[in-house]
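The values are calculated or read from the model by the stated rules, or taken from the named source; none is laboratory data. For clarity, every value in this text was computed on a predicted model and none was experimentally measured. All Cβ positions, even for glycine, are placed from backbone atoms using ideal geometry, and neighbour counts span all protein chains on display. The protein model used for the area step is the full one, side chains on, heavy atoms only, and it has no ligands, DNA or RNA in it. Shrake-Rupley method; radii C 1.70, N 1.55, O 1.52, S 1.80 Å.
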Amino acid sequence: MKSESGNANNIAAQVERIVAATPVSDIHTHLYDPAFGELLLWGIDDLLVYHYLVAEGFRYFDIPYEKFWILSKTQQADLIWDALFIQNSPISEACRGVLTTLNLLGLDVRKRDLPALRKWFADWQVEDYITRCMELAGVKSICMTNSPFDDVERPVWEKGFHRDGRFTAALRIDPLLVSWAETAPRLEKWGYNVNETLSEQTIKEVRRFLSDWTRKIQGRYMMVSFPPDFDFPADNSCAQLLEKAVLPECRELGIPMALMLGVKRQVNPGLRLAGDGIGLSKLSALEHLCARFPENKFLVTVLARENQHELCVMARKFRNLHIFGCWWFTNIPYIVDEMTRMRLELLGLSMTPQHSDARVLDQLIYKWQHSRKLISQVLQDKYSDLAKTGWEVSPEEIQRDVQNLFGGAFESFEKRKT
Ligand code: FIX
Ligand code: ZN
């Protein structure tokens with residue numbers, strides 16, 4: 001007969017093996033199909049100038065912001081490398097991530113030799129490198145963030161291209177909801193008969209815009225990020241457009257609406273992309289949306305740690321709410337561990353614990369390596385708690401559960417009729 005600790009070791013090893021080997025669908029990234037050319041970032045310099053590292057670099061730099069921004073990418077990367085890896089040990093999650101990535105790519109990080117790293121990357125072709133990164137990260141599909149409001153991205157869609165089947169799309173509509181006054185004239189220019197007042201005609205045309213673009217990109221969901229003060233219901237264009245155009249169109253197309261709540265854009269504009277902050281969201285707005293639109297599906301992540309518990313409880317009340325990912329400032333081991341435990345304890349397996357939010361292809365490697373380790377540890381604890389009651393999970397059951405966490409639960413949510 002096996003001892004109790006022998007069984008526990010066995011389960012732990014099985015969970016570790018299964019979590020490491022199960023491919024994941026990454027449901028939110030800022031990566032692009034290679035057809036978008038320069039928009040797909042990769043390589044050591046892009047890893048180093050990631051906005052997470054820019055923000056950390058400025059804790060040490062003493063040059064003015066503008067002096068940094070006029071430097072070339074290589075020069076910026078040199079400064080960040082020196083401040084965050086050479087002058088100080090690279091302990092932060094974003095720094096450690098660069099090293100995990102390099103290490104798993106088979107590079108010797110001990111040498112601290114940036115020119116040699118650059119040489120190694122220069123030998124890759126992007127198509128091969130995508131395959132290598134996805135293999136190492138165990139990622140089977142990458143959902144992009146696609147904005148018709150991006151002047152570099154839009155023409156690529158308009159011209160058309162042969163899709164890489166590993167990349168799926170999501171329609172990002174922040175400007176439409178967050179700054180309607182500036183966005184209306186753009187829609188008008190693109191042939192939609194709208195004006196600033198939200199007349200019936202305008203609503204109809206906004207819906208046509210959403211439908212055209214969702215179909216063009218084959219969007220899996222529409223998405224928006226909102227500041228902490230987002231409210232619903234409310235007497236403003238954002239709430240009106242959401243209620244009258246966006247949600248009805250999501251219903252019509254049968255796709256979820258993703259809400260990313262709690263980002264305070266540009267609290268420090270000098271930092272550019274690195275200058276966004278955080279605030280506590282008013283989740284009663286989400287509660288109203290879930291209750292009032294049971295036929296809409298909401299895919300939600302919140303930025304503030306202090307909002308996480310309330311969000312989990314809300315997902316217990318509304319099955320049209322699917323929570324996902326440890327977004328941005330919460331994607332650090334300390335908080336991922338806490339959030340993953342809390343979500344599993346409150347929701348079981350009916351959620352998607354992580355997305356990568358990768359902006360640079362190679363980041364898939366570290367983001368998934370780090371997340372897998374944490375998710376595996378939490379699952380091991382949970383299954384071993386079950387084992388204490390006599391309930392033993394089989395490898396097939398573990399596999400099923402992990403598949404759900406790594407994209408299966410999200411797919412069921414997508415398919416579910418409301
Ligand atoms: O709004 C978003 O999708 C955010 O993830 C980004 O805007 C943010 O800059 C980011 O990269 C966070 O990880
Ligand atoms: Zn994002």
With every protein chain in place, the accessible area of residue 100 for a 1.4 Å probe, in Å² rounded to the nearest 10, comes to 20
Order by accessible surface, 1.4 Å probe, largest leading, for residues 288, 162, 370 comes to 162, 288, 370
Expected field for residue 416, accessible surface area in Å² at 1.4 Å probe radius, rounded to 10, holds 100
Sorted list, accessible surface of protein heavy atoms, 1.4 Å probe, largest first, for 264, 159 is 159, 264
Relative contact order as a percentage, the range 137-241, C-alpha pairs under 8 Å and 6+ apart, gives 29
One computes Rg over Rh for the range 245-302 from alpha-carbon atoms, with the Kirkwood Rh, and obtains 1.11
Where a ≥ b ≥ c are root eigenvalues of the Cα gyration tensor, a/c under 1.5 meaning rounded, otherwise prolate if a/b exceeds b/c and oblate otherwise, the range 233-365 counts as oblate
accessible surface per residue for the chain, probe 1.4 Å, DNA/RNA/ligands not counted, whole Å² -> 45
Taking a ≥ b ≥ c as the square roots of the eigenvalues of the Cα gyration tensor, with a/c under 1.5 meaning rounded and otherwise prolate when a/b exceeds b/c and oblate if not, the chain is oblate
Computed over the range 110-186, the convex hull of the Cα set has an average projected area, in nm², of 8.4
Links exceeding 28 Å between C-alpha atoms in this model, out of 317/382; 388/417; 264/367, come to 388/417
Whole-number value, in Å³ per residue, for the convex hull of the alpha carbons of the range 15-159 is 146
Once 273, 187, 346 are ranked on solvent-accessible area with the largest value leading and a 1.4 Å probe, the list reads 273, 346, 187
Heads up, the range 140-298 by the C-alpha gyration tensor (a ≥ b ≥ c square roots of eigenvalues; a/c under 1.5 rounded, else a/b over b/c prolate, else oblate) looks rounded
Over the chain, the sum of -39500 (n - 2.57) across DSSP H runs of at least four, divided by residue number and rounded to 500 deg cm²/dmol, gives at 222 nm -14500 deg cm²/dmol
For residue 267, the accessible surface traced by a 1.4 Å probe with all protein chains present amounts, in square angstrom to the nearest 10, to 90
Over the range 1-88, the quotient of the Cα radius of gyration and 2.2 N^0.38 Å is 1.77
For the chain, the accessible surface attributable to carbon and sulfur atoms (probe 1.4 angstrom, ligands and nucleic acids excluded) amounts in percent to 51
Checking the range 384-418 for chymotrypsin sites (Phe, Trp or Tyr not before Pro) in a loop per DSSP with at most 14 other beta-carbon atoms within 10 Å yields 391
Inter-part gap, Cα centre of the range 183-238 to Cα centre of the range 141-161, in whole angstrom, is 17
Applying the span-like rule to the chain (DSSP H, Cα extent along axis at least 27 Å, Kyte-Doolittle mean at least -1.0) gives 363-387
